[in-house]
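In what follows, a single structure is set out as structure tokens and then discussed.
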Amino acid sequence: MKIVPDRYGKCMTDTHIEVFATGGTIAGMAGSATRRDYRPGQIGIDDLLAGMAALGLPAKLVGHQFANIGSEDIGPELWRKLHEAAAQRMGDSACQGIIITHGTDTAEETAFLFDQTLPTTKPVVLVGAMRPADAVGSDGMRNFANAVRVASDPEAAGRGVLLVMSDHIFAARDARKARTEGANAFRGFPRGPVGHVTPASLEWFGPPWRVDEPARFEFHENMPKVSILYAYAGMSAENVVQALEGGAKGLVLAGFGHGNASGGIRAALADAVAAGVPVVRASRVDEGLVDREPDDDAHGFIAARALGPPKARILLQLLLANGINDPVRAQQAFDRR
Ligand code: SIN
């Protein structure tokens, strides 16, 4: 076995990592350095792995091409295929970790869904890129090499699903795409990054917090419809009515500031709760908790706490799909890290 000591004195051995490729900018081409002519999903997993092999990383990477698409097109069907495969590979003692290459636009949603539904006994790492492979200053290969290092580290287990971007390691609950461009597009909130990684080094900022934890929820491909209502000045209660008429079984308010909305919207949301449709108050603001307020008890609302609207939507879907309608149990799920 080849043993490569790194500068922190740990060892990185020849680990066996399965790589699930889905596309995104990490597999994209710009076509031009000066024009916006970006096309996602141009590079196949074999070429990506050939690039990695040239770096001489001490890991055996086994690639699987699941899709080669922009992440705006990723949804329940591909999630099911990835989830099934990940669960199966995690059960194989030869496989020591899984990397999923993914577009950055919805990476936080896939990461969070799998974080809640895969037992995190082995490292599961999502990785993407903000710049296509042929762009000036492309970040894909570096992010990928960093992801290999993280997935190869046994200490990555017990931290839930992780997202690796721009030398940062984020926990799925915390990761948010906060910028439309630039390699440093992700933020972690409320925790910030949980570790720092380069192709040559890895440093965790604390111990694992989810050791030996089974999956929190059963995965379902067909989850109940949950709509996000984005608050804006002058918004009318008609928006709530339309979402319910459209078949929403749960609602997430992307509210002002601390999950606020006008009196009319709050009344319409309280009516929805009374009719059996749970409502989560999240915020359209990127950072800051949405904690419980006295009104939440009065109206039966759930506070999104650290989750932004897209992840709050997934958690509410998981709760409903798993038959959890009780607001107290639902709030407990939103309170967990
Ligand atoms: C995508 O999410 O597929 C496109 C954007 C990206 O990967 O950065």
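Any read-out appearing in this document is the output of simple, stated calculations on the displayed coordinates, not a laboratory observation. Bear in mind that the values here come from a model prediction, so they are computed numbers and not experimental data. No Cβ is skipped: glycine too gets one built from the backbone with ideal geometry, and neighbour counts run over all protein chains shown.
Quick rundown of the values:
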{"read-out": "Sorted by Cβ neighbour density within 10 Å, fewest at the top, the residues Tyr230, Tyr38", "value": "Tyr230, Tyr38"}
{"read-out": "Residue exposure sequence - Trp204, Trp209, Trp79 - by fewest surrounding Cβ within 10 Å", "value": "Trp209, Trp204, Trp79"}
{"read-out": "MRE, 222 nm, helices only [DSSP H, n ≥ 4, -39500 (n - 2.57), over the chain, to nearest 500]", "value": "-8500 deg cm²/dmol"}
{"read-out": "Positive dipole terminus of region 83-168, leading residue within Thr117, Met90, His102 (C-beta point charges)", "value": "Met90"}
{"read-out": "Sorted by Cβ neighbour density within 10 Å, fewest at the top, the residues Thr110, Thr15", "value": "Thr15, Thr110"}
{"read-out": "Region 141-192, relative contact order [Cα under 8 Å, separation at least 6], %", "value": "25 percent"}
{"read-out": "Unsatisfied cross-links (Cα-Cα over 27 Å) in the set Lys60/Lys177; Lys60/Lys311; Lys81/Lys225; Lys249/Lys311", "value": "Lys60/Lys177; Lys60/Lys311"}
